[in-house]
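A quick write-up on the structure given underneath.
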Amino acid sequence: MSALDSVDWLLFSLSRTFCSPLAVFIQIQGCVICLTLAIGWAFAAYVRNREINRMKDIMKGGNSFAFLCHDINKLEHSNQVNLPRVTVVMPLKGFGEHNLHNWKSQITSLYGGPLEFLFVVESTEDPAYHAISRLITDFKDDVDAKIIVAGLSTTCSQKIHNQLVGVEKMHKDSKYVLFLDDDVRLHPGSIGALTAEMEKNPDIFIQTGYPLDLPSGSLGSYCIYEYHMPCSMGFATGGKTFFLWGGCMMMHADDFRYDRYGVVSGLRDGGYSDDMTLAALAGAHKRLITSPPVAVFPHPLASDLSFSRYWNYLRKQTFVLESYISKVNWLMNKALFSSHCYLSWGFVAPYLMGMVHVAAALQICIKGYSYEETTCTTGGLLLVSCLAVCTFMELLSMWNLTRIEVQLCNMLSPEAPKLSLGTYNWSMVFAAMLVDNFLYPISAFRSHFCQSINWSGIRYHLKNGKISKIERNKDMGPNFTDLGGKHLYGKKGAPPKASFLSSLARSLAQWHQPKKYDV
């Protein structure tokens with residue numbers, strides 16, 4: 001048998017093996033995963049589209065300010081003067097291409113009640129300090145905004161430390177506190193919509209939202225878009241949800257003043273992730289988390305977002321599951337860890353099998369083999385056909401949800417440049433689906449065995465689910481953040497030139513290093 005015939009024989013053998021009962025189950029499971037995602041995104045699209053239709057009906061009724069408030073009478077001065085005071089706390093780190101636009105969208109909110117903005121930085125050396133200082137100077141007569149220097153964190157992540165310092169400095173009469181990431185692009189009526197829901201239902205513990213990623217064209221940016229999309233269905237409920245996004249969280253200010261439910265101590269004492277910690281506290285105390293249908297925010301990704309920066313971001317996301325505040329929280333995280341890893345590779349495996357089936361069929365056609373001669377069956381192509389149909393339905397549902405969220409964002413920000421679905425490359429989306437789901441378990445296992453992570457130049461070590469050690473060294477981390485490409489250390493840094501493979505190799509090398517913890 002020639003070398004070429006040997007390759008054909010191996011290909012046909014694999015195709016035949018992939019028609020075994022176990023392999024068929026795996027491929028059918030892949031179809032089920034695709035259909036489940038398609039149904040979830042269809043429901044999310046229904047919720048978002050219902051809000052669009054509601055706004056259209058209100059505008060037809062004569063209220064051209066439906067993007068601010070559904071009831072135009074509530075925009076009367078007599079109602080606006082009674083609105084509660086809100087403090088917006090924004091922990092900052094670095095400065096990038098989209099920050100200025102995002103900050104302007106936040107401080108130019110059309111909320112009619114008392115509103116203060118607290119921009120919290122680690123130190124005056126942070127590039128964000130000088131950029132936000134200039135912005136505040138430009139708007140000093142129009143907004144109540146100030147910069148707070150928080151100093152270095154010692155018991156929790158720097159982001160959480162900045163948030164807690166901001167809460168300590170908020171106005172004594174503030175009823176609600178809104179935590180925003182600096183990469184959130186608000187709509188003019190976002191703060192008003194969140195506040196109205198809090199006023200309507202005092203039992204709400206946290207109100208949240210979710211970003212609509214705007215890929216910049218690189219594979220890394222599409223991988224991040226694809227990573228976020230499955231979670232989007234959990235935020236598009238139009239009400240109660242179990243999900244929480246740290247980029248947008250509105251809470252009762254008194255919960256922090258009096259440390260209700262342990263929100264301050266839970267975050268301060270070893271907290272790594274703000275949203276995962278607060279979500280765990282909400283579950284433990286049976287508190288309500290909601291996400292209004294209008295809480296979807298454009299999230300432009302950096303134009304130079306490389307694949308290595310996507311990998312760093314994925315590492316930070318999977319590392320979150322290693323932090324916990326209780327035994328129940330630990331069990332929930334491990335269940336999420338196991339199911340996500342299983343489903344990720346369960347999603348990718350059918351496509352690898354399908355490639356073998358297609359390659360075998362092509363060889364049969366090209367070389368004129370008979371199916372009896374190759375011992376292959378037509379069942380493989382049938383499975384491939386089913387997977388192709390389910391994949392098409394999945395991508396169509398994802399496209400439809402993205403289209404509707406783009407339309408909703410355009411309606412909620414009529415003065416902003418229009419977002420367009422035409423910028424999305426759907427072949428790149430499909431490639432990102434395979435790449436992201438293949439890499440997720442690798443990143444998750446890396447996080448599990450390492451128990452340390454570099455976040456914006458700071459290395460955090462975990463012990464028993466909490467931060468036990470913090471190392472700072474400008475030379476040990478990147479000079480740019482992952483998603484926004486923000487400069488972390490001013491103009492001295494240069495963009496990282498390391499490839500994704502070198503980054504992965506470095507991570508694998510660190511995997512085997514002994515862990516050291518403070519006693």
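Below are the figures for this structure:
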| item | result |
| --- | --- |
| Sole exception among (1) under 26 Å from LYS172 (Cα atoms); (2) surrounded by fewer than 21 Cβ atoms within 10 Å (Cβ to Cβ); (3) out of contact with any Gly (no Cβ under 9 Å at 6 or more places or on another chain); (4) not charged (D, E, K, R) for LEU110, by number | (3) |
| Filter pass, GLY266 being free of Cβ contacts under 8 Å to residues at least 24 places away in the same chain, in contact with a helix residue (DSSP H, G or I) (Cβ under 7 Å, 6 or more places away or on another chain) and part of a helix (DSSP H, G or I) | no |
| Qualifying residue in region 234-257 (condition: of a type outside the set (D, E, K, R), within 17 Å of ALA302 (Cα to Cα), assigned to a helix (DSSP H, G or I) and open to solvent by less than 10 Å² (accessible area, probe 1.4 Å)) | no |
| Leading residue by the ranking (surrounded by the most Cβ atoms within 10 Å (Cβ to Cβ)) among those in region 301-345 that are β-branched (Val, Ile, Thr) and under 30 Å from PHE95 (Cβ atoms) | THR318 |
| Every residue from region 193-229 that is in a helix (DSSP H, G or I), within 20 Å of GLU51 (Cβ to Cβ) and either touching a residue at least 24 places away in the same chain (Cβ under 8 Å) or not basic (Lys, Arg) (or both) | ALA193, LEU194, THR195, ALA196, GLU197, MET198, GLU199, HIS228, MET229 |
| Among residues of region 38-60, those that are open to solvent by 10 Å² or more (accessible area, probe 1.4 Å), more than 18 Å from LEU212 (Cα to Cα) and not β-branched (Val, Ile, Thr), counted | 6 |
| Among the residues listed as VAL165, VAL177, the single one being open to solvent by 10 Å² or more (accessible area, probe 1.4 Å) and at pLDDT 95 or above | VAL165 |
| Subset of region 428-487 (residues that are surrounded by fewer than 17 Cβ atoms within 10 Å (Cβ to Cβ), among the acidic types (Asp, Glu) and modelled with pLDDT of 90 or more) | GLU471 |
| Among the candidates LEU281, LEU314, residue that is in contact (Cβ under 8 Å) with a residue 24 or more places away in the chain, touching an Asp or Glu at 6+ places or on another chain (Cβ under 9 Å) and either outside any loop (DSSP other than H, G, I, E, B) or of a type outside the set (Val, Ile, Thr) (or both) | LEU314 |
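The values are calculated or read from the model by the stated rules, or taken from the named source; none is laboratory data. Since we're looking at a predicted model, the values are computed, not measured. We place every Cβ from the backbone using ideal geometry, glycine too, and count neighbours over all the protein chains shown. Heads up: the accessible areas ignore ligands, DNA and RNA and are worked out on the full protein's heavy atoms, side chains in. Shrake-Rupley method; radii C 1.70, N 1.55, O 1.52, S 1.80 Å.
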